[in-house]
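Colleague: Below: one structure in structure tokens.
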Amino acid sequence: MIHNTLLLLMACFIMFSCKTNKENLNTKKDEVEAVVIANDSLEYEIIIIDQGFSVYLNSIAKPKWYYSEAYYRTKNILYVTEWNIRARQPGRYNANLYEQPINYDQQINYGLEVNYKLFNYFKFVEYKYKVRFF
């Protein structure tokens, strides 16, 4: 009798533990971590709230030093131009994806960090939403 009671208590504990872990996993899965792209000296900031971007940036994206800042800058000019074309044509392109134009001034040196993250956001959009910019 004591053996059955102990076994039943252990089974309840295991079921409770599994349920708690499953709930914690679901909560973490549904959380969206914002990625801030900022250059404090320029008072410039982009906040990306797109589920999976921080994971993409930390696991799939090439390291920051893989390309030069000039490379990121050149690519960002092309990506921003195409993005803005799409953002201004909500009837033709997905308005939920291209919600607003990006103000990227080619004359401003945003720095490596901003250019790297912005470039990888465009790569993330291609990866996640299966769109091609070029």
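Colleague: With a 10 Å Cβ neighbour count serving as the proxy for reagent exposure, in which order, fewest first, do GLU99, GLU69 appear? Could you put the intermediate results ahead of the total?
Modeller: Values: GLU99 9, GLU69 17.
Fewest-to-most ranking of GLU99, GLU69: GLU99, GLU69.
Colleague: Taking the Cβ of each residue in LEU97, LEU78, LEU118 as the centre, tally the other Cβ atoms inside 10 Å and list the residues starting with the fewest. Spell out each step's value before the answer.
Modeller: Values: LEU97 15, LEU78 12, LEU118 22.
With the fewest neighbours first, LEU97, LEU78, LEU118 line up as LEU78, LEU97, LEU118.
Colleague: Output the Cα-based Rg and Dmax of the stretch 35-129 in Å, rounding Rg to one decimal and Dmax to a whole number.
Modeller: When restricted to Cα atoms, the stretch 35-129 yields Rg and Dmax of 13.1, 38 Å.
Colleague: Quick one: order ASP105, ASP50 by neighbouring beta-carbon count within 10 Å, fewest to most.
Modeller: On the way: ASP105 10, ASP50 17.
The order, fewest Cβ neighbours first, is ASP105, ASP50.
Taken together, the values in this text are just the output of simple stated rules run on the coordinates, not laboratory data. Fair warning: this is a prediction, and the values are worked out from it, not measured in the lab. Positions of Cβ are backbone-derived with ideal geometry, glycine not excepted, and every protein chain shown enters the neighbour counts.
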